[in-house]
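**Student:** Before I ask anything, here is the structure I am working with.
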Amino acid sequence: MRYGHLGAATCLLTALTLAGCVSTRQEPPSPRAPAAPVAARDAVSSAVASEEGPRALVPPKLRLDARARPVRQAVTLELDPRKEAFRGTADVDLTLTEATRELWLHGEELSVESATLEVNGRKVPVAALPMGEFLAFVTEEPVGPGAATLHVEYTGRALANEDSGIFREQDAGRWYAMTQFEALYARRAFPCFDEPGFKLPWQLTLRVRAEDGAFSNSPVEAEERGEDGWKTVRFRPTPPLPSYLVAFAVGPFDVVDAGRAGRNSVPVRMLVPRGHAAEAAWAARVTPPLLERLEEWFGTPYPFAKLDVLAVPGGPGGAMEHPGLITFGAQSMLGPVEGDSLWRQRAFAETQAHELAHQWFGNLVTMAWWDDLWLNESFADWLAYKIITQWQPGWRWDVRRVEARGQAMAEDQLVSARSIRQPIESVGDINGAFDGITYGKGAAVLAMFESWLGPDAFQLGVRRYLQTHARGSATTHDFFQALSATVDRDVGPAFSTFLDQPGVPLVSMELQCPQGAPPQLALAQRRYLPLGSPGGEGATPWRVPVCVVYTAGGTRARACTVLAEPTGTLVLKEAKACPEQVHPNADGRGYYHALLRGDGLERLARRGGQGLSITERRVLMDDAQALVASGDLDVAQALTLATRLLRPEDPDLVQGAVGVVDSVRDEFVPDSLLPHRARFVRGLFGPLARRLGFVSRPGESEDQRMLRPLLVWMVANVGEDAALRAEARKLALRWLEDRSTLPLDATSAVLGTAAATGDAALHQRLREALRSTPSGRERELIFGALGTFKDPALSRASLELLLAPEVDAREALPILFGQLSEPPTRAGAFGFLREHFEPLRQRLPRDISTWLLATGSFFCDAEHRQQVADFFGPHARQIEGGERTLAQSLERVDLCIAQRAALRPGLERFLTRY
């Protein structure tokens, strides 16, 4: 699963601060939860009474009682997307392992109307009582052990503008109902055993209006139309699935046939809101070949009977890997017929590879409990990068892997960071596991161990693991067993040092060339800690697979070792003389920052990256940023390294250099030196940016088109390029008159640049355009631009759209995060958030509240840090996972304060030269 409430653009903007676009759950406000019927309450009162007097019911703390295990479940729902209420029946076949009077299932916001229990062929009276996220079914006398069937009739609510449970969205006046059950939301649709370790066959039946389509995980088994204008659609039983993978959708979807794919020639279809069929062309084109690539890698066919890919209208922008019914936010999956974004297309392909990889990692074999979520998400991310790189080598997606590694390290540098395998003790821990650590760090660690063990051996180990546990559940130990048996060594101890403790290793290397002996590297490891970190020293040493590449006598060679102690040595056996250069991280596969002692970094810089791959140069740039933040490298050295590694003809190196320069936050630069920084940026990137301009030209490469938005925006805004700013305003006004004048990739940079220096007239034009723009993607661009105005009155007017009745607050969130990301508007945006926190929460999906707690991390001063702590502290205690989120926000502020003080002297020396 990949979450994304704010859309891809905002995720990228806030990735380091908000730790990725991740949904986190909170307790719903009490008015949302229906009360138990009086009859049920009275029945329970009787049921829990005994000869010894009343007996209190104590619900499970987190996990259900192991005395009952589900065998299969059938669910029938009557659902009209136009209405909030729905009705359902659930029939759960169970095995009771011992006698009990209490049967606990998950059930949240459901009103039970009746329930019956049959045990060993005998019907027994049962009463139902809702208790928080649980439903208790209580008998007068103990029942079991043996086979049982629980039948429940109930009602629930499909809320509009939500994104979990059964939720409803509107598109062009038509209503649709969809589901999102991961992690803990199947319980809002039906009573169930809502834990990943319970895998069972499901049979769904949907009673819907005749004009609506109905879709689920499995093919349709039967469909019957009634005379009342409704129809009943029964789906085939699924293979064993956990509850979070059950899915269905109802509404007037158009169906796009994408042919058949894979060894079993499964049907592939795109399901899109009415009228959007043409926009699914890219999704239909790339899905079949990606599926076939994955089948080839796994060596087994796609393990389900069909593959539908559904575009969810409305707010959510993530994706979910339901077997047979993958879902995407419509803006991620659909693109215009003309002028589509290359970034969107490639991001969709990567995300689709991730979701398709889940059909094996997670769906065929499911983690037994949420502490092993990495077996789903880390593996899917890692394999997605690999498959895209193999399928489209010209995209150089291995560079995107290195970028994701760097983003994960930025999250993992916090002392308050999670470990990949964090113990799960609360609902907040479950939702908090869907973060950059599980996804990005986990994928990077897998890439490192794959490189260490060898790709072929690693692949065989994965195949053994999947074959052993197919259609069942598994743990990390199970994976270690399969991989260790394949490679004939115990991989668990080394792997576990990265899975079970947080943090990034910092590996220092010093080249030594003793006379009469081969050259060697003296190695040392410790935990990487940025300046201002509150402790974190004394971490247990990692067992780090360290691989370096070096050039000696004009020949490139590679050397590897496992650094298991605080210090060690790596002999460069193939070097006949002292190497000209040593790169500390071959292919960028190692999950560690590297510090080259002596003149090691200067040797690499002097050669300008000669003899190094693009990924290796990008890793040097990433490490330079990290070493500046830890005080191990002067900021002038890092900026100089970026200029020496930069190659204007290579977009990935340009993008890496932009990242190094942009890592110097505005707060680090004294106001008097802002013009100097602007001259530095124009001198370094200006010629290429002006040559590219905002508008693509015939004959341009796709790489140039993808680089344009980032580079031209950087020069126009950070470089304060007057000519580009004037061009942006002219193009923005033209686009407001005719949306076909700019492709999507260019429009964001044009509108953002124009608005950053925009006046009231432009602000008014954008507001008017918003009122007349139905398209979600164009509205996203306009909201993003409205979040970049610097004038206080205009920025406030933009923020007020978050509370406007005619605006969906979800799509207006980029205004808030855009203003928080810029120092001139940050305090005003935070003040607005404090002033309207509760009304804003009520207008947003309940699971976004934790995101709002993360907004304080944008600050870089002690006064606002205190304001963040004082305001959000009480809220954090009331929201699941809120205290960890707030702690990480405050730690980020502390790091920024410390780094600003430490880096300013070196930055001043560097910038005064420009």
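**Student:** Using Cα-Cα distances under 8 Å and only pairs 6 or more residues apart, what relative contact order does the chain have, in percent?
**Tutor:** For the chain, the relative contact order is 10 percent.
**Student:** Right, next: Around Ser696, what is the net charge, scoring Lys/Arg as +1 and Asp/Glu as -1 over all other residues with Cβ under 11 Å from its Cβ?
**Tutor:** For residues surrounding Ser696, the net value is 0.
**Student:** Another question, then. Residue separation times 0.36 nm, minus the C-alpha to C-alpha distance between Ser613 and Thr300: what's the value?
**Tutor:** 109.4 nm
**Student:** I'd like the Karplus ³J(HN,Hα) series for region 427-435: coefficients 6.51, -1.76, 1.60, θ = phi - 60°, whole numbers in Hz, and an x wherever there's a Gly or Pro.
**Tutor:** Karplus values, whole Hz, x for Gly and Pro: 4, x, 5, 5, 5, x, 6, 8, 9.
**Student:** Could I ask something else about it? Counting just the Cα atoms, what span does region 270-376 cover along each of its three principal axes? Round to the nearest Å and put the largest first.
**Tutor:** 43, 29, 25
**Student:** In Å, what is the Rg of the alpha-carbon atoms in region 82-130, and how long is Dmax?
**Tutor:** 13.2, 44
**Student:** Among Lys61/Lys441; Lys61/Lys231; Lys386/Lys730; Lys306/Lys386; Lys199/Lys386; Lys123/Lys199, which pairs are too far apart, with a Cα-Cα distance over 32 Å?
**Tutor:** In this structure, Lys61/Lys231; Lys386/Lys730 exceed 32 Å between Cα atoms.
**Student:** Turning to a different aspect of this structure: Once you have the Cα-Cα distance between Arg285 and Thr741, take 0.36 nm times their residue separation minus that, and quote the gain in nm to one decimal.
**Tutor:** Gain in length upon complete extension: 161.6 nm.
**Student:** Ok, one more. With +1 on the Cβ of every Lys and Arg and -1 on the Cβ of every Asp and Glu, and nothing else charged, how large is the dipole of the chain about its Cα centre, in debye rounded to the nearest 20?
**Tutor:** That gives a dipole near 2020 debye.
**Student:** Per q in 0.12, 0.21 1/Å, what log10 I(q)/I(0) does a Debye calculation on the alpha-carbon atoms of region 319-440 return?
**Tutor:** -0.50, -1.29
**Student:** Run lengths n ≥ 4 of DSSP H only: what is the helix-derived mean residue ellipticity at 222 nm for the chain, with -39500 (n - 2.57) per run over all residues, to the nearest 500?
**Tutor:** -13000 deg cm²/dmol
**Student:** Over region 308-372, with every protein chain in place, what whole percent of the accessible area is carbon and sulfur at 1.4 Å, could you tell me?
**Tutor:** With neighbouring chains kept in place, the figure for region 308-372 is 57 percent.
**Student:** Quick one: grab the alpha carbon gyration tensor of region 767-851, order the square roots of its eigenvalues as a ≥ b ≥ c, and give me rounded if a/c is under 1.5, else prolate or oblate depending on whether a/b is larger than b/c.
**Tutor:** It is oblate, given that a/c is not under 1.5 and a/b is not larger than b/c.
**Student:** Write out the GluC sites (Glu not before Pro) in region 97-188 meeting two conditions: DSSP loop, and at most 12 other Cβ atoms within 10 Å of their Cβ.
**Tutor:** Here the GluC sites (Glu not before Pro) that fit, given the DSSP loop and packing criteria, are Glu98.
**Student:** Using the Kirkwood radius over C-alpha pairs as Rh, can you work out the diffusion coefficient of the chain via Stokes-Einstein at 37 °C, viscosity 0.692 mPa s, in µm² per second?
**Tutor:** 113
**Student:** Hey, what's the chain come to in accessible area per residue, 1.4 Å probe, Å²?
**Tutor:** 36
**Student:** Can you grab the distance from the C-alpha centre of region 72-143 to the C-alpha centre of region 562-606, Å, no decimals?
**Tutor:** 62
**Student:** When the accessible area of region 120-217 is computed with all protein chains present and a 1.4 Å probe, what percentage of it is carbon and sulfur?
**Tutor:** Result for region 120-217: 47 percent of the exposed heavy-atom area is carbon or sulfur.
The values are calculated or read from the model by the stated rules, or taken from the named source; none is laboratory data. As the structure is a prediction and not an experimental result, all values here were calculated from the model. For neighbour counting, all protein chains shown are included, and Cβ atoms are generated from backbone atoms with ideal geometry for every residue, glycine included. Just the protein is used for accessible areas: all its heavy atoms, side chains included, with ligands, DNA and RNA removed. Shrake-Rupley method; radii C 1.70, N 1.55, O 1.52, S 1.80 Å.
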